[in-house]
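J.: I'd like to ask you about the structure that follows.
The values are calculated or read from the model by the stated rules, or taken from the named source; none is laboratory data. These numbers were taken from a predicted model, which means no experiment stands behind them. Positions of Cβ are backbone-derived with ideal geometry, glycine not excepted, and every protein chain shown enters the neighbour counts. Accessible surface areas use protein heavy atoms only, side chains included; no ligands, DNA or RNA. Shrake-Rupley method; radii C 1.70, N 1.55, O 1.52, S 1.80 Å.
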Amino acid sequence: MASAPSKLYADDVSLVVVLLDTNPFFWSSSSLSFSQFLSHVLAFLNAILTLNQLNQVVVIATGYNSCDYVFDSSSDLNRSFENGRMPVMCSSLLQKLEEFLIKDEQLSKEEPEGKIKSSLFSGSLSMALCCILSGVLMLPYFFDILTDIQRVFRSGALHPHPRGSPDGPEQYVAIMNAIFSAQRSSVPIDSCYLGSQNSAFLQQASYITGGVHHKPQNLDGLFQYLMTIFATDLHSRSFIHLPKPVGVDFRASSVFGQAQSEAASASDKKRKTPET
Amino acid sequence: MNNGAGRRINGGAEEDDDEDDVNGDLDAWERTYTDERSWESLQEDESGMLRPIDNQALYHSQYRRRLRSLLSTAARIQKGLIRYLYIVIDLSRAASEMDFRPSRIAVIAKHVETFIREFFYQNPLSQVGIVTIKDGVAHCLTDIGGSPESHINALMKKLECSGDSSLQNALDLVDGYLNQIPSYGHREVLILYSALSTCDPGDIMDTIQKCRKSKIRCSVIGLAAEMFICKHLCQETGGTYSVALDESHFKELILEHAPPPPAIAEFAVANLIKMGFPQRAAEGSISICSCHKEAKVGAGYTCPRCKARACELPTECCVCGLTLVSSPHLARSYHHLFPIAPFDEVTSSHLNNPNCKLQRNCFGCQQSLLDPGNKPGPAVVCPKCKWYFCLDCDIYIHESLHNCPGCDSLRHS
């Protein structure tokens, strides 16, 4: 199937929505510590805001039990200057992130062993798309102002990978709905995957919407990967050569969440009467 | 207008007719200025800038009415997702009438193009064919296939209208083609009829019974007036008949046929269908493509059974006949089977209740739910997760996204 067609962008202003994965099950067993990872990401966010005065950044934290907004660069609280040891932007983001993590932990209940410890990617993706697109659909007379600001949605979705598959198959339908909605509205989804195996959801998301999917090899240099690959705005992507995927996995294993044989035969799910 | 002023001076006896005469002399565009003074409803906000006219609430209430009517029938209905649809376009003399600007056939062609794209977007596994009726004879313009561009290009080239229209010939032709498709597919015909008569070689009632036996669901959209034979056809085969009032109504009517219709119970038998899910080849690989019969570099799909290369999906493998799809194609149809529940409106009594702590920001976009005057503005609430959303998010969620962010954001809801 064809990937998203490229649109012509006249300016390099962008709105970047970053989905940060804060799944504690992954970060406790990862080689890169969460604090180092955060320092890379904060530097990256600062850099995006510096690239163009009109750029905006929104950060949504994807937890194990819930998702929430932790940072919005366009809100008034974040516009003041340096205050003490670190800029206001960083301190407010870190504070909100900590509050979110405490709340997320309080929400967890006892889980049976062996269940896939995936983050709620579908929830944060849906929230991000609402944030970008709901305003644009309804107000055609504001569109003249908005044509200069391209709504770019980029997900720095750093997906965990403990033992088993990282993609929770129960979220498949919701994630695919969100991906098609993003494709229809020309919002590209970029993904940066830090775990050890591959995430079929993120590959498909980036392929279908026309974004970039990359798995950094050397995690100590994460900031460099983020800056060179993911900080490019949509206008520049027409002449900057970004990494292409080797092959995208469209097989039915992503639907059923388990290994399927090569000559897959799928029962036609639509033909069965759905449960009422 | 001079005439109007002249008549007014002429006398009291004609005063009752004055209003009508004055208005009757005005063109339609002038009448809207005398009756509705839209400039008077403009308002300025505190800084002197114009406030946009609030048609958002109107749009939203229309949208919710439409949504409720669509979902008023049972929430989970079996639907035919693999559809084989023939679009029958009437190219008779009547289609060149100019009551639709610039002509009926131009309007039909424009909206059929939009419809075909929307159809393939919502039903990626389905196929479409186009049949035209001209000079009393029905021709098959394009064979049934899954590529929107080929249909649209073929249609745009052949838009000349002449002769009579024949409903029976079209139905016979379509019946012949649709009898060849596999039994799991749903057979549909959409007739865009501009004429007010039909010239048939035989008894059209027999043809209608034949279509009914072949389980073909015929729907008609008329552009002239309502006809008994179209109504009878739709009733017998289980389709819908509607007559378009103007161009925007026609667009609405034709786009109603894009989402899959409910399946007729005795015709829809559950079956297992063998499908292949090919992997996309890497960028640099070279292979011989089975549809173009030449060597191509990269960007193809390999059939899992016979390893032949196909250029695009969904398609049937040329070598072994296996239906090739990718999982996003199946996933695109899920929202028809598992629709999201409509959100409830938050009643004003609930909003004004001081005991109830209102959520300040919409959960989806974080915009404030309060009016500029700090009063609670219009909002909707999800019945499952009880989060509040603004009207923009509500429309976006139900029309495009089909997920509730609140329900998806809580693991144990």
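J.: Might you let me know whether the range B:60-80 holds any residue that is closer than 30 Å to B:V174 by Cβ, among the hydrophobic types (A, V, I, L, M, F, W, C), at pLDDT 65 or above and not in a helix (DSSP H, G or I)?
T.: Checked the range B:60-80: at least one residue is closer than 30 Å to B:V174 by Cβ, among the hydrophobic types (A, V, I, L, M, F, W, C), at pLDDT 65 or above and not in a helix (DSSP H, G or I).
J.: Using the structure shown, decide if B:I221 is assigned to a strand (DSSP E or B), at pLDDT 85 or above and not small (G, A, S).
T.: yes
J.: I would also like to ask the following. Return the residue satisfying two criteria in turn: it lies in the range A:58-77 and is modelled with pLDDT under 80, touching a helix residue (DSSP H, G or I) at 6+ places or on another chain (Cβ under 8 Å) and away from chain B (no Cβ under 11 Å), and of such residues it is most open to solvent (accessible area, probe 1.4 Å).
T.: A:L77
J.: Select from the range B:256-269 the residues that are at pLDDT 70 or above, open to solvent by 60 Å² or more (accessible area, probe 1.4 Å) and within 13 Å of chain A (Cβ to nearest Cβ) and list them in ascending order.
T.: Scanning the range B:256-269 gives a single hit, B:P262.
J.: So, in the range B:113-151, exactly how many residues are part of a helix (DSSP H, G or I) and open to solvent by 10 Å² or more (accessible area, probe 1.4 Å)?
T.: The qualifying residues number 10.
J.: Could you please tell me which pairs satisfy a Cβ distance under 7 Å, a separation of 6+ or placement on different chains, a first residue in the range A:119-147 that is more than 7 Å from chain B (Cβ to nearest Cβ) and modelled with pLDDT of 80 or more, and a second residue that is open to solvent by less than 10 Å² (accessible area, probe 1.4 Å) and assigned to a helix (DSSP H, G or I)?
T.: A:L125/A:I175; A:L125/A:A178
J.: Any residue that is part of a strand (DSSP E or B) and farther than 16 Å from B:P261 by Cβ - is there at least one of those in the range B:161-171?
T.: No, that holds for no residue.
J.: Next question, about the same structure. Across the range B:278-332, what is the number of residues that are among the β-branched types (V, I, T) and within 9 Å of chain A (Cβ to nearest Cβ)?
T.: Qualifying residue count, the range B:278-332: 1.
J.: Take A:E113 and decide whether it is open to solvent by 50 Å² or more (accessible area, probe 1.4 Å), among the acidic types (D, E), farther than 16 Å from A:V16 by Cβ and at pLDDT below 70. Spell out how you get there, then give the answer.
T.: Numbers: open to solvent by 50 Å² or more (accessible area, probe 1.4 Å): yes; among the acidic types (D, E): yes; farther than 16 Å from A:V16 by Cβ: yes; at pLDDT below 70: yes.
Yes; evaluated as a whole, the condition is true for this residue.
J.: Which one of the conditions (1) free of Cβ contacts under 8 Å to residues at least 24 places away in the same chain; (2) out of contact with any Asp or Glu (no Cβ under 9 Å at 6 or more places or on another chain) does B:V319 fail to meet, given that it meets all the rest?
T.: Condition not satisfied by B:V319: (1).
J.: Follow-up question, since we're still on this one. Return the only residue of B:I181, B:I216, B:I204 being in contact (Cβ under 8 Å) with a residue 60 or more places away in the chain and either within 14 Å of another protein chain (Cβ to nearest Cβ) or open to solvent by less than 70 Å² (accessible area, probe 1.4 Å) (or both).
T.: Going through B:I181, B:I216, B:I204 in turn, just one is in contact (Cβ under 8 Å) with a residue 60 or more places away in the chain and either within 14 Å of another protein chain (Cβ to nearest Cβ) or open to solvent by less than 70 Å² (accessible area, probe 1.4 Å) (or both): B:I181.
J.: Of all residues in the range A:188-230, count the ones that are surrounded by 24 or more Cβ atoms within 10 Å (Cβ to Cβ), assigned to a loop (DSSP other than H, G, I, E, B) and modelled with pLDDT of 80 or more.
T.: The qualifying residues number 3.
J.: Name the residue, out of B:K375, B:K386, B:K357, that is at pLDDT 80 or above and open to solvent by 60 Å² or more (accessible area, probe 1.4 Å).
T.: B:K386
J.: Could I ask something else about it? Give all pairs with beta carbons closer than 6 Å in which a residue from the range A:170-185 that is farther than 15 Å from A:Y207 by Cα meets a residue that is acidic (D, E) and open to solvent by 10 Å² or more (accessible area, probe 1.4 Å); count only pairs at least 6 apart in sequence or on separate chains.
T.: A:A174/B:D408
J.: Taking the range B:184-201, which residues are in a loop (DSSP other than H, G, I, E, B) and more than 14 Å from chain A (Cβ to nearest Cβ)?
T.: If the condition is that a residue be in a loop (DSSP other than H, G, I, E, B) and more than 14 Å from chain A (Cβ to nearest Cβ), then B:S194, B:A195, B:L196, B:S197, B:T198, B:C199, B:D200, B:P201 are the ones that fit.
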